[in-house]
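Worksheet: the structure to be examined is printed underneath.
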Amino acid sequence: MTKDDLLALLWQNADSYISGEELAKLLSVSRTAVWKTIGQLREVGYSIESVPNRGYRLLSESDVLSEEGIRRHLRHQELELRVYKTISSTNTVLKSLAAEGAPAGLSLVAGEQTAGRGRMGRSFYSPADSGLYLSLLLRPGMSAVEATRLTACAAVAAAETIEALSGKQAQIKWVNDILVDGRKVCGILTEASVDCENGMMRHVIIGIGVNTHVPKADFPEELKSIAGAAFGAQNIPELRCRLAAGILDALAEYTKTPDAPAVFAGYRRRSLVLGKAVNILSPGKDPVPAEVLDLLEDYSLLVRLPDGSTAKLNSGEVSVRVDDQH
């Protein structure tokens, strides 16, 4: 018997009691072995109640992030996983490992970041027990100008996994934010090391942070109006392990052929900005109003400007104008 064997039975009976005698019989071990393994599961964070004459009960709110838990749901077992309770930043640490020659497929997964990073030098709020933070190392052998396709792969992978687990619709706000019920629940940061001689990427790190639930202390004041939780009040067994496995599996598939029509179709179908009035945001400049006419195959936006001319946006950010949200 392994911890996984016992845990699987407890999850099958989550929130219900099952006797030590029955567990021992089902697992063909002694009741003492069951008792010892229950203790080991409690030590790593699982909430398991025990009541005389009733047995053991695993509370469905248990959401322990572990390599074993992720691998239970992971199809791409070839991926190397390193799981942390707390880390400075999965992207920062993986960047150092990549420079030291770490192989493609190395994935860092954490339940908390103390120095999480977002786009344009922003910090990324990453509290314990209410989010999932992961980074995947790729060595794709493609030019730097194609990096946007990998970000699109990440957006589709995160959105479809959130949808599959939550039953809610996820939308993508160009270029890399995922929204559920109008609130940002996921951010993506893609970073690359480029060979200046040939313009090819030495490696790419895709970082994804998901707000699974509202933090116990709530979001900081500056985030309350925009941040949300992908799973609200839902209690889903092994949520973060299943979420990590689903995202990594989808990433492993999509990044093999990032120009595949299915990736573009999945991104376009979930686009929040198509046909919308937006503001184009550039650092140090006033917002520029525009209308989004189309999403092009290289994931740039075709927009109409106030003077009637059109322009192609390859990078930057947009915000949907309040008067156009409905």
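Numerical summary
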read-out: Subset tally (residues that are over 23 Å from residue 68 (Cα atoms) and either surrounded by 21 or more Cβ atoms within 10 Å (Cβ to Cβ) or at pLDDT 90 or above (or both)) for the range 206-218; value: 1
read-out: Among residues of the range 114-132, those that are outside any helix (DSSP H, G or I) and either under 15 Å from residue 95 (Cα atoms) or without any contact (Cβ under 8 Å) to a residue 40 or more places away in the chain (or both), counted; value: 7
read-out: Scope the range 8-24; condition out of contact with any strand residue (DSSP E or B) (no Cβ under 8 Å at 6 or more places or on another chain) and either closer than 23 Å to residue 236 by Cβ or among the polar types (S, T, N, Q) (or both); matching residues; value: 8, 12
read-out: Leading residue by the ranking (surrounded by the fewest Cβ atoms within 10 Å (Cβ to Cβ)) among those in the range 188-205 that are touching a residue at least 60 places away in the same chain (Cβ under 8 Å) and farther than 13 Å from residue 91 by Cα; value: 202
read-out: Residue 195 among the acidic types (Asp, Glu) and within 17 Å of residue 147 (Cα to Cα); value: yes
read-out: Matching option when the condition is out of contact with any strand residue (DSSP E or B) (no Cβ under 6 Å at 6 or more places or on another chain), free of Cβ contacts under 8 Å to residues at least 40 places away in the same chain and of a type outside the set (Asp, Glu), among 260, 311, 290; value: 260
read-out: Test result for residue 149, outside any loop (DSSP other than H, G, I, E, B) and surrounded by fewer than 22 Cβ atoms within 10 Å (Cβ to Cβ); value: no
read-out: Condition check for residue 51: hydrophobic (A, V, I, L, M, F, W, C) and in contact with a helix residue (DSSP H, G or I) (Cβ under 8 Å, 6 or more places away or on another chain); value: no
read-out: Test: residue in the range 246-257 that is at pLDDT 95 or above and polar (S, T, N, Q); value: yes
read-out: Lone unmet requirement of (1) surrounded by 14 or more Cβ atoms within 10 Å (Cβ to Cβ); (2) in contact with a Ser or Thr (Cβ under 6 Å, 6 or more places away or on another chain) for residue 15; value: (1)
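Yes/no matrix, rows are residues, columns are (1) within 16 Å of residue 192 (Cβ to Cβ); (2) at pLDDT below 95; (3) surrounded by fewer than 17 Cβ atoms within 10 Å (Cβ to Cβ):
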{"position": "83", "(1), (2), (3)": "no, no, no"}
{"position": "98", "(1), (2), (3)": "yes, no, no"}
{"position": "107", "(1), (2), (3)": "no, no, no"}
{"position": "110", "(1), (2), (3)": "no, no, no"}
{"position": "120", "(1), (2), (3)": "yes, yes, yes"}
{"position": "123", "(1), (2), (3)": "no, yes, yes"}
{"position": "126", "(1), (2), (3)": "no, yes, no"}
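The values are calculated or read from the model by the stated rules, or taken from the named source; none is laboratory data. Everything numeric here is computed off the predicted structure, so don't read it as measured data. FYI the Cβ positions are ideal-geometry reconstructions off the backbone, even for glycines, and counts take in every protein chain you see.
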